[in-house]
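The values are calculated or read from the model by the stated rules, or taken from the named source; none is laboratory data. The model shown is predicted, which means the values in this text are computed figures rather than measured ones. Cβ coordinates were reconstructed from backbone atoms using ideal geometry, including for glycine residues, and neighbour counts include every protein chain displayed. Areas reflect the complete protein model, heavy atoms only, side chains present, ligands, DNA and RNA absent. Shrake-Rupley method; radii C 1.70, N 1.55, O 1.52, S 1.80 Å.
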Amino acid sequence: MSPFLSCLLLVPIIAAWPSRALACTVTIELPDVVFPLENMDREAACRLAEVVNDYTTYQMLPLVHVPIAKSLYDFLLDHPALTSNAVRYYKFGGYVVTEISPRVFRGEDREGGEATVTLLYQDPTRRVYHLRGSQRGQIIPTITGAGIVMLSYHPRRGADAREGIDTTVTVFSRLDNRFLANLVKLLRPILQRIINNKLTKGVNTVNRMTEFLAREPEEVSREVDKFVTDGSQARSFRAMLLSSVGRGG
């Protein structure tokens, strides 16, 4: 998120999709994919349908367990710029996030990928993001497209009785270029894997960082002010970290 997320693939552009009005009814036939459509407003549903009804790639990633409390995981998702600062400070990745509003942020991965990410929907266990972005290359033209990333996460206590989170990520992409989209479908799974990995890079990076937060909460709490510039956010983050080792107040 996640924090989060960039786009797309390194292949030349040849033709663009024809312009058309957005469809606002989701018509995908994937029984394992359930979007919270009944709770989404019309604009969010339209943006979701634009991608998933005519998707180029789709993948549901295997479940991953992250060893931190749900309250801390929620905090990282709620503050993507803070999270990206922590990711860079502890060298888990190089992506940079700038918050435009509480639900919209810009991200770039320093590898030619950049995207505007919009939080379309959230509830206590799900978040649905829309990405509109591009991938630049030194030789090939810029590739543009859109994506949908649905993050589902539920708390679960492990054998040591510590709270952790089980997470699953469902990702769709839709490339703007018709020729390229057909090429990706033809040459799957290699090209599809590249695209899906780009779209889920932010979430996967945050999940890796949570293991470090779980191992070294006190170290991170001492260094918070080195990568968090907002005093209120720094205090909240520190309190959550110390709470995870029984020292919160």
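Of the numbered criteria (1) in contact with a helix residue (DSSP H, G or I) (Cβ under 7 Å, 6 or more places away or on another chain); (2) in a strand (DSSP E or B), the one ASN85 fails is (2). Considering the range 164-189, and only residues there that are surrounded by 19 or more Cβ atoms within 10 Å (Cβ to Cβ) and among the polar types (S, T, N, Q), the residue that is nearest to the chain's Cα centre (by Cα) turns out to be THR170.
Could you list, in sequence order, all residues of the range 112-126 that are assigned to a strand (DSSP E or B) and either among the hydroxyl-bearing types (Ser, Thr, Tyr) or open to solvent by 10 Å² or more (accessible area, probe 1.4 Å) (or both)? Residues satisfying the conditions are GLU114, THR116, THR118, LEU119, LEU120, TYR121, GLN122, ASP123, ARG126. Being crowded, with 17+ Cβ neighbours inside 10 Å, within 16 Å of the chain's Cα centre (by Cα) and farther than 16 Å from LEU199 by Cβ is the filter here, so list the residues in the range 50-71 that pass it. Result: VAL66, single match. The set of residues in the range 231-249 being modelled with pLDDT under 95 and under 23 Å from the mean Cα position of the chain (by Cα) consists of MET240, LEU241.
Just to be sure before I move on: is ALA181 over 30 Å from PRO36 (Cβ atoms) and of a type in the set (Gly, Ala, Ser) in the structure I sent? When the stated conditions are applied, ALA181 does not pass them. Taken residue by residue, the range 90-108 has no member that is of a type in the set (Ser, Thr, Tyr), surrounded by fewer than 15 Cβ atoms within 10 Å (Cβ to Cβ) and closer than 21 Å to ILE165 by Cα. Of all positions in the range 72-80, at least one carries a residue that is surrounded by 15 or more Cβ atoms within 10 Å (Cβ to Cβ) and within 14 Å of LEU120 (Cβ to Cβ). Annotation note: Cβ proximity below 7 Å between a residue of the range 227-241 that is farther than 14 Å from VAL97 by Cβ and a residue that is of a type in the set (Val, Ile, Thr) (sequence gap 6+ or interchain) occurs for ALA234/VAL224; ALA234/VAL228; PHE237/VAL224; PHE237/VAL228; ARG238/VAL224; LEU241/VAL220. Tallying residues that are under 25 Å from ASN177 (Cα atoms) and touching a helix residue (DSSP H, G or I) at 6+ places or on another chain (Cβ under 6 Å) within the range 46-73 yields 3.
Counting just the residues of the range 147-162 that are open to solvent by 60 Å² or more (accessible area, probe 1.4 Å) and assigned to a strand (DSSP E or B), which one comes out nearest to LEU37 (Cα to Cα)? I'd like the intermediate steps shown before the answer.
The initial filter retains those residues of the range 147-162 that are open to solvent by 60 Å² or more (accessible area, probe 1.4 Å), namely 154-157, 159-162.
This time we only want the ones that are assigned to a strand (DSSP E or B), so: 154-157.
On the way: HIS154: 20, PRO155: 23, ARG156: 26, ARG157: 30 Å.
The residue in question is HIS154.
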